[in-house]
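Structure first, commentary second.
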Amino acid sequence: MQTYGIFAVTPRTISVKDDKDNGWVADIKWAFTAGARPERKLTLDHVATLKGAAREGGSIKLEVTPRLDGDHLPPVLLGAHLRGNITIDAEGAVQCTTRVTFDELETAGLGVNAILGSSNCLECRVSDQPTLEESIGEELKAERQLQEDHAQLMTELGADPLTGQAHEGSGAEEPVVEEAGELTATMALDPKEPGEDLPFPIDDEGAAD
């Protein structure tokens, strides 16, 4: 999914109301401009980007470019929040409603009427944080890659990927496993060499027998 897009919009209606949490706000119903430049034209493929920007972690901003005597002034970005559903009319035009607070407008030095005489776009940014499913998938992918790298390394060394045991012909000796014989109570020790210091005495007479 595209994670960024800025799409030209045209205002259809503006509703001003007093919101108990945010004070005075303007709810603006937009239609995405069908004749916009290709890089700013919203298509049905971009609707997922618009929805993703509206979710937690994403962001929607209103880019207002005022016009003065036919000339465009520098654009201003305002924080906006999607209100209600994204709709598609019978002619295929995509519409949505965003809310902008009067505080945002006043900080930017704009009034509601200025929006009507401006070029407007909605800037949409989708959160780049992976979902839980994506995180799990990445971890599994990394684990598989680690196992493949280990197996490749063991193959290059001529060893069993699972045990690390060297194969025949690799230059290392195969371990020899012998069955244990009957255990005895005594062990035969080599005679004590001259000057050898053992931690226990040796019965020379017993060794000679």
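Identify, by number, the condition in (1) among the hydrophobic types (A, V, I, L, M, F, W, C); (2) loosely packed, with under 14 Cβ neighbours inside 10 Å; (3) under 22 Å from SER15 (Cβ atoms); (4) out of contact with any Pro (no Cβ under 9 Å at 6 or more places or on another chain) that VAL100 doesn't meet.
(2)
So the check is Cβ under 9 Å with 6+ separation or different chains; which pairs have a first residue in the stretch 16-37 that's more than 26 Å from VAL94 (Cα to Cα) and a second one that's in a strand (DSSP E or B) and polar (S, T, N, Q)?
Correct list of pairs: ASP19/THR101; ASN22/THR101; GLY23/THR101; TRP24/THR101.
Return yes or no: is ARG12 touching a residue at least 40 places away in the same chain (Cβ under 8 Å), open to solvent by 70 Å² or more (accessible area, probe 1.4 Å) and farther than 17 Å from GLU123 by Cβ?
Considered against the rule, which asks whether it is touching a residue at least 40 places away in the same chain (Cβ under 8 Å), open to solvent by 70 Å² or more (accessible area, probe 1.4 Å) and farther than 17 Å from GLU123 by Cβ, ARG12 comes out as yes.
Given LEU42, LEU68, LEU77, which one is of a type in the set (A, V, I, L, M, F, W, C) and over 16 Å from CYS124 (Cα atoms)? Give the derivation first.
Values: LEU42 fails: over 16 Å from CYS124 (Cα atoms); LEU77 fails: over 16 Å from CYS124 (Cα atoms).
Matching residue, one of LEU42, LEU68, LEU77: LEU68.
Report the residue count in the stretch 38-65 for those that are basic (Lys, Arg), in contact (Cβ under 8 Å) with a residue 60 or more places away in the chain and within 19 Å of THR97 (Cβ to Cβ).
Counting residues in the stretch 38-65 that are basic (Lys, Arg), in contact (Cβ under 8 Å) with a residue 60 or more places away in the chain and within 19 Å of THR97 (Cβ to Cβ) gives 2.
If the requirement is being among the charged types (D, E, K, R), closer than 20 Å to GLY5 by Cα and open to solvent by 90 Å² or more (accessible area, probe 1.4 Å), which of these qualifies: ASP69, ASP45?
Answer to the check: ASP45.
Give the residue that is modelled with the highest pLDDT, with candidates limited to residues of the stretch 76-87 that are among the β-branched types (Val, Ile, Thr) and surrounded by 13 or more Cβ atoms within 10 Å (Cβ to Cβ).
The extreme case among them is VAL76.
Please enumerate the residues belonging to the stretch 23-35 that are buried (at least 16 other Cβ atoms within 10 Å of the Cβ) and assigned to a loop (DSSP other than H, G, I, E, B).
The answer is THR33, and nothing else.
The values are calculated or read from the model by the stated rules, or taken from the named source; none is laboratory data. Please read these numbers as outputs of a predicted model, since none were measured by experiment. Quick reminder, even Gly has a Cβ in these numbers, built from the backbone with ideal geometry, and neighbours come from all protein chains shown. Please note that ligands, DNA and RNA were not included when accessible areas were found on the heavy atoms of the full protein model with its side chains. Shrake-Rupley method; radii C 1.70, N 1.55, O 1.52, S 1.80 Å.
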